[in-house]
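S.K.: Have a look at this one before I ask anything.
The values are calculated or read from the model by the stated rules, or taken from the named source; none is laboratory data. Here the structure is a predicted model, which means the values were calculated and not measured. Ideal geometry is used to build each Cβ from the backbone, glycine not excepted, and the neighbour counts take in all protein chains shown. These accessible areas exclude ligands, DNA and RNA; they are computed on the full protein's heavy atoms, side chains included. Shrake-Rupley method; radii C 1.70, N 1.55, O 1.52, S 1.80 Å.
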Amino acid sequence: QVQLVESGGGLAQPGGSLRLSCAASGRIFRPDDMGWYRQPPGKERELVAVMSSSGSTTYADSVKGRFTISRDNAKDTVNLEMNNLKPEDTAVYYCRHKPLYSTLVSWGRGTQVTVSS
């Protein structure tokens, strides 16, 4: 089992920036995917950005050009740089880990991001 701890959420104004970080610990099998999902109020959880251990990335269309995912395999961390934030980015953001050759998915507890003037 992999433990994930997110940090860096908070309140930002429209057009502002926030940086989320996630630290993983436990038995981490590679190759794997690490990334971010979010759940807006009253909606389903959705993919934001994912990065494989080989460096390939997937972004939701709604965040392309504004959010950047990065990871450090040596430190078992994944980050999400969020720029030009919009009110519709308001959500609980969850860190997620999944080994490539396993169905076992680990989730963090989530961190709140609120974009409001």
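S.K.: Of everything in the range 99-116, what is open to solvent by 50 Å² or more (accessible area, probe 1.4 Å), farther than 11 Å from Leu20 by Cβ and modelled with pLDDT of 95 or more? Give them in sequence order.
M.R.: Once the filter is applied, which keeps residues that are open to solvent by 50 Å² or more (accessible area, probe 1.4 Å), farther than 11 Å from Leu20 by Cβ and modelled with pLDDT of 95 or more, the range 99-116 yields Trp107, Arg109, Ser116.
S.K.: Taking the options Val50, Val92, Val78, Val113, name whichever one is over 18 Å from Ser7 (Cβ atoms) and within 12 Å of the chain's Cα centre (by Cα).
M.R.: On inspection, the qualifying residue turns out to be Val50.
S.K.: Another question, then. Restricting attention to the range 77-94, report how many residues are part of a loop (DSSP other than H, G, I, E, B) and either surrounded by fewer than 18 Cβ atoms within 10 Å (Cβ to Cβ) or β-branched (Val, Ile, Thr) (or both).
M.R.: So the count comes out to 4.
This table checks each residue for (1) β-branched (Val, Ile, Thr); (2) on the phi < 0 side of the Ramachandran plot; (3) in a strand (DSSP E or B).
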site	(1), (2), (3)
Asp33	no, yes, yes
Trp36	no, yes, yes
Gly42	no, no, no
Val48	yes, yes, yes
Arg96	no, yes, yes
Thr103	yes, yes, no
Arg109	no, yes, no
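S.K.: Then there's this: Restricting to the range 20-58, what's the tally of residues that are within 14 Å of Ala91 (Cα to Cα) and surrounded by fewer than 20 Cβ atoms within 10 Å (Cβ to Cβ)?
M.R.: Of the residues in the range 20-58, 9 are within 14 Å of Ala91 (Cα to Cα) and surrounded by fewer than 20 Cβ atoms within 10 Å (Cβ to Cβ).
S.K.: Does the range 47-61 contain at least one residue that is free of Cβ contacts under 8 Å to residues at least 12 places away in the same chain, under 21 Å from Thr114 (Cβ atoms) and either touching an Asp or Glu at 6+ places or on another chain (Cβ under 9 Å) or not acidic (Asp, Glu) (or both)?
M.R.: Among the residues of the range 47-61, not one is free of Cβ contacts under 8 Å to residues at least 12 places away in the same chain, under 21 Å from Thr114 (Cβ atoms) and either touching an Asp or Glu at 6+ places or on another chain (Cβ under 9 Å) or not acidic (Asp, Glu) (or both), which makes the answer no.
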